[in-house]
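What follows is a short report on a single structure.
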Amino acid sequence: MAEPMVNPQRTGLALRDPIAWHDFLQVARVAEEAAYEGVFVPEIAGREAFATLAALAASTERIRLATGVVAIQNRFVSTTAMAAATVQELSGGRFVLGLGAGPPGPGSLDRVRHHVAAIRAALAGRPVEEGQVPGFRLALDLPDPPPVFLAALGDRMIGLAGEIADGVLLNWCTPERVARARELLSEGAARAGRDPSSVTVAVYVRACIDAEDDVALEALKEPTGQYAAMPHYRGQLESMGLGELAAAAADAAARGRPQDVPEDLVRALCLVADPAAALARLDRFRASGADLPVIYPVPAREPVSSIMGTTLALAPTSVLQP
């Protein structure tokens, strides 16, 4: 089994944009060479995550490969288990299964708890009753089932991750929110009799580095406004003391004027233009309890060169060294 790359300055990379496959693959290969710990593939409206990671498994050697994340309501347990086992096998044990509950609502925690238990049972080769095949049992024999990360916004979901998951994936956070999440996760782990340090705290951090300050800022305003307009993210921003800025950003998004998203909100949540300042900000996330900041490039101007520029600017090691 291949040993996953782990750098003391742990950093992950999210790849979402539907750039041409050869460019997507090149960014992933550069990330591996530059000692990024993992590539996270969000599943939203572009590439299907498991197929993408299976292809990356054949073209990389050390970097971890993670779904970032797949929603539990979109697949049967049996389907997810087969997909996860396939990527785990193809990658030589480098896969991470990132799961999300989808929009929060009544019973979300119970659904996630049940789903994770069923997935773990399936990946361990035990029969599960959830899916199209009664008594489904995974035929692949996995010596090491992949770790399971949970996407979490609310306090209760973060606590649940501490109880049952191998990692938690945070999103649109300040360092202060990460510190609070670390406390909540530790409380959840303690309830389950687990060591809190065994649960990885990962956090997506949007970044646009390879551009002038005003160009990067404009690129980051659009996704900031989009997420501020979503009720569950709006609630998180309010809990972080960013309620007024989030309200203005949501209004700007509703009016189709992303240029009106407040600059202060973007700078509170994202890494903008200056590589030195961005790296210092990442250190603040780490000092607040983030084990694995995950750079989430937001392209400006030409997407491929912008994504590559951000990836290189924030890389744990330089690929330009002799």
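Below are the figures for this structure:
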quantity: In the range 184-239, the residues that are among the acidic types (Asp, Glu) and free of Cβ contacts under 8 Å to residues at least 12 places away in the same chain; calculated: 195, 214, 238
quantity: Sole residue being at pLDDT 95 or above, under 19 Å from residue 258 (Cβ atoms) and aromatic (Phe, Trp, Tyr), chosen from 233, 204; calculated: 233
quantity: Criterion violated by residue 136 - all others in (1) without any contact (Cβ under 8 Å) to a residue 60 or more places away in the chain; (2) under 17 Å from residue 238 (Cα atoms) satisfied; calculated: (2)
quantity: Tally of residues being aliphatic (A, V, I, L, M), over 21 Å from the mean Cα position of the chain (by Cα) and part of a helix (DSSP H, G or I) across the range 180-197; calculated: 1
quantity: Every residue from the range 95-119 that is surrounded by fewer than 17 Cβ atoms within 10 Å (Cβ to Cβ) and either assigned to a helix (DSSP H, G or I) or more than 19 Å from the chain's Cα centre (by Cα) (or both); calculated: 105, 106, 107, 109, 110, 111, 113, 114, 117
quantity: Some residue of the range 141-151 being surrounded by 20 or more Cβ atoms within 10 Å (Cβ to Cβ), in a helix (DSSP H, G or I) and touching a strand residue (DSSP E or B) at 6+ places or on another chain (Cβ under 6 Å); calculated: no
quantity: The range 198-218, residues that are surrounded by 24 or more Cβ atoms within 10 Å (Cβ to Cβ) and not in a loop (DSSP other than H, G, I, E, B); calculated: 201, 202, 203, 205, 207, 208, 216
quantity: Residue list for the range 209-231, filter: more than 17 Å from the chain's Cα centre (by Cα) and of a type outside the set (A, V, I, L, M); calculated: 210, 212, 213, 214, 218, 221, 222, 225, 226, 231
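The values are calculated or read from the model by the stated rules, or taken from the named source; none is laboratory data. Just so it is clear, the structure is predicted and the values come from calculations on it, not from any experiment. No Cβ is skipped: glycine too gets one built from the backbone with ideal geometry, and neighbour counts run over all protein chains shown.
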